[in-house]
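Rule-based calculations on the coordinates, nothing more; no lab input. These figures come from a predicted structure and were not determined experimentally. We place every Cβ from the backbone using ideal geometry, glycine too, and count neighbours over all the protein chains shown.
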Amino acid sequence: MSWIPTIALFLVAWLAAYGQTQFRPVVGWLDTPVAVLPALMVYASLTHPLTTMAALAVFAGLSLDALSAGPLGISILPLFVIGFVLHLRQHLILRDQTYAQSWLGFAAGVAAPLGTWMLLGLGSQTYIAGPFLIVQILLLGLLNGAVCPAVFRTFDAIRNVFDYQPLTETSFRTDREIVRGRH
């Protein structure tokens, strides 16, 4: 297995965390940050080992928190919980189906900000809550639902290019001739 797809996953997570906090025109137009880290966590939890998924949750959460106004480390737990729950049930999930990827992306896009919001509520942080919060969370869910199939296709293509393809072996030998009939 090549390390290039995994490195590309971490690089895209870092760029997504940077883009989520720094692209003000898009944030101003939608009134919500463009957060695609939950879609990356869905992909990582269904295709990578648990250690890679956990390292991605820590890396993406710290990258996001270092660039945002939130407390350092507040984004790690929601991303890890999303990845861990999906990783536990990865054998039951239709990973290759586009509609399943969209629904998983939508659920992760809703769960990540809700988890962060609940963790902020446990602490002494003051946060904004109102009717527009539901609209913002649903927008994040729709965004991640739309982006998640593209994430799967992109990283599967990277994996197909850089990983070794398994050689299929058959029981038929090409150097053996089968003689039929009587001699």
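Going from the fewest other Cβ atoms within 10 Å to the most, the residues Arg153, Arg180, Arg159 appear in the order Arg180, Arg153, Arg159.
Can you tell which of Phe23, Phe155, Phe80 shows the greatest fluctuation in a Gaussian network model of the chain with Cα springs below 10 Å? It is Phe23. Is any helix in the chain, taking whole DSSP H runs, at least 30 angstrom long along its axis by alpha carbon and on average at least -1.0 on the Kyte-Doolittle scale, and which ones? Helices meeting the span and hydropathy rule in the chain are 98-122, 131-162.
Considering only alpha-carbon pairs that sit under 8 angstrom and 6 or more positions apart, the relative contact order computed for region 89-165 is 44 percent. When the chain is treated as a Gaussian network with alpha carbon springs shorter than 10 Å, the biggest mean-square fluctuation among Gly73, Gly109, Gly141 belongs to Gly73. Mean-square fluctuations from a GNM of the chain, with a 10 angstrom spring cutoff on Cα atoms, peak among Gln165, Gln22, Gln90 at Gln165.
When mean projected area of the Cα convex hull in nm² is calculated directly from the model, which label among (1) 9.7; (2) 14.5; (3) 13.0 fits? Of the listed options (1) 9.7; (2) 14.5; (3) 13.0, (2) comes from this structure.
Amide H contacts for Ile93 (H built 1.01 Å from N in the peptide plane; partners 5 or more residues away or on another chain; cut-off under 5 Å): none found.
Packing, as the average of other Cβ atoms within 10 Å across residues, places the peptides 35-47, 7-19 in the order 35-47, 7-19, highest first. Pairs of Cα atoms nearer than 8 Å and 6+ residues apart set the relative contact order; for region 4-162 it is 28 percent.
Per residue, the chain reaches -23000 deg cm²/dmol at 222 nm when only DSSP H runs of four or more residues are counted, each adding -39500 (n - 2.57).
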